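For reference, the structure is listed below as structure tokens.
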Amino acid sequence: MATVILVRHGRTTANASGMLAGRMTGVKLDDVGTGQADRAAARIAAVPLVAVVSSPLERCRQTAKAVLGAQGADRRLRVTVDKGITECDYGDWQGSALRDLAKQPLWKTVQSQPSAATFPGGESMATMQARSVTAIRQRDAAIEAEHGEGAVWVAVSHGDIIKSVLADALGMHLDLFQRIGVDPASISIIRYTGARPYVLASNTHEGDLSWLKAAPRKGRTSRKSSAGASVDAGAVVGGGAGPDAPGASPTARS
């Protein structure tokens, strides 16, 4: 069972000004965002990573570089770019002020029924979710096959992308994904298994992550089938004992 740490990029100049940047080039972290990325990287530093994957956009690559740098000079990691987790194609909405977009009829659909929303000149939110979930799940499976069940990796992406991946892992319909918060430089964690995904954390800003070094997590065990393949033993009735580290918790802190 590999584990993916989902990191949203730090705050950007567009975030600060209330603009929907979309896939625009040249949108970079501001001073606040750089500090946020460094703090997220410091939290992850205690976890030996096997891969750092990023959206191709600058703000994500900057955040991924911070995560990579905190892993130590002796690590032979590189940032791998994956177009599958790039920002949603907002089409004609890209570059517009959010306060103006909120007046558009489509805004209400995006808020209440995103599965029916297609951005003019862009992609649908359903398409966005399908390609991002596929990218994360396929890479997670490949990482587990190469590095084993305890592998932990990072994917640096965007707010709507991470929300849609979390919604899939939680078994939520896309129409409910606006109930999920994903702040700049927040950390969310998913462990995929043969039976189901486990959302171990969502939208966290603080907390020790060293408990991830002991994956698979205590209480979420696996066994071998007769064919030798790993089989998930399922969720522990009653919730289990949690990670070994005293005081460590995957509980979200907003």
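The values are calculated or read from the model by the stated rules, or taken from the named source; none is laboratory data. Since the model is a prediction, treat every value here as computed from it, not as a measurement. Positions of Cβ are backbone-derived with ideal geometry, glycine not excepted, and every protein chain shown enters the neighbour counts.
Annotations for the structure displayed:
- Tabulated pairs, the stretch 138-159, first farther than 29 Å from ARG11 by Cβ, second assigned to a helix (DSSP H, G or I) and not basic (Lys, Arg), C-beta under 7 angstrom, 6+ apart or interchain: ALA151/ILE143; ALA151/GLU144
- In the stretch 61-89, the residues that are assigned to a loop (DSSP other than H, G, I, E, B) and either of a type in the set (Gly, Ala, Ser) or in contact with a helix residue (DSSP H, G or I) (Cβ under 9 Å, 6 or more places away or on another chain) (or both): ALA70, GLN71, GLY72, ALA73, ARG75, LEU77, ARG78, ASP82, THR86, GLU87, CYS88, ASP89
- THR25 meets all of the listed conditions (1) among the hydroxyl-bearing types (Ser, Thr, Tyr); (2) surrounded by fewer than 19 Cβ atoms within 10 Å (Cβ to Cβ); (3) assigned to a helix (DSSP H, G or I) but one, namely (3).
- A search for C-beta distances below 7 Å between a residue of the stretch 179-202 that is farther than 9 Å from LEU6 by Cβ and modelled with pLDDT of 95 or more and any residue that is outside any strand (DSSP E or B) and among the polar types (S, T, N, Q), counting only pairs 6+ apart in sequence or on different chains, returns GLY181/SER254; PRO184/ASN15; PRO184/GLN36; ALA185/GLN36; ALA185/THR63.
- Across the stretch 1-22, the qualifying residues are those that are assigned to a loop (DSSP other than H, G, I, E, B) and touching a Cys at 6+ places or on another chain (Cβ under 9 Å), and the one among them that is farthest from LEU98 (Cα to Cα) is HIS9.
- Odd one out for ALA41 among (1) surrounded by fewer than 21 Cβ atoms within 10 Å (Cβ to Cβ); (2) modelled with pLDDT of 95 or more: (1)
- Only residues that are out of contact with any Gly (no Cβ under 7 Å at 6 or more places or on another chain) and among the small types (Gly, Ala, Ser) were counted across the stretch 29-53, and they come to 6.
- The residues of the stretch 72-83 that are under 14 Å from ALA51 (Cβ atoms) and modelled with pLDDT of 95 or more, listed by number, are VAL79, THR80, VAL81, ASP82.
- Test: residue in the stretch 122-132 that is among the hydroxyl-bearing types (Ser, Thr, Tyr), surrounded by 18 or more Cβ atoms within 10 Å (Cβ to Cβ) and in contact with a helix residue (DSSP H, G or I) (Cβ under 7 Å, 6 or more places away or on another chain): yes
- Pick from the stretch 78-105, criterion of a type in the set (A, V, I, L, M, F, W, C) and within 19 Å of the chain's Cα centre (by Cα), ranking: surrounded by the most Cβ atoms within 10 Å (Cβ to Cβ): ILE85
- Screening the candidates ALA102, ALA66, ALA46, ALA40 for the property of being of a type in the set (Gly, Ala, Ser), out of contact with any strand residue (DSSP E or B) (no Cβ under 6 Å at 6 or more places or on another chain) and under 18 Å from ARG8 (Cα atoms) yields one hit, ALA66.
- Answer from ILE189, ILE180 - the residue that is within 28 Å of VAL52 (Cβ to Cβ), touching a strand residue (DSSP E or B) at 6+ places or on another chain (Cβ under 6 Å) and of a type in the set (A, V, I, L, M): ILE189
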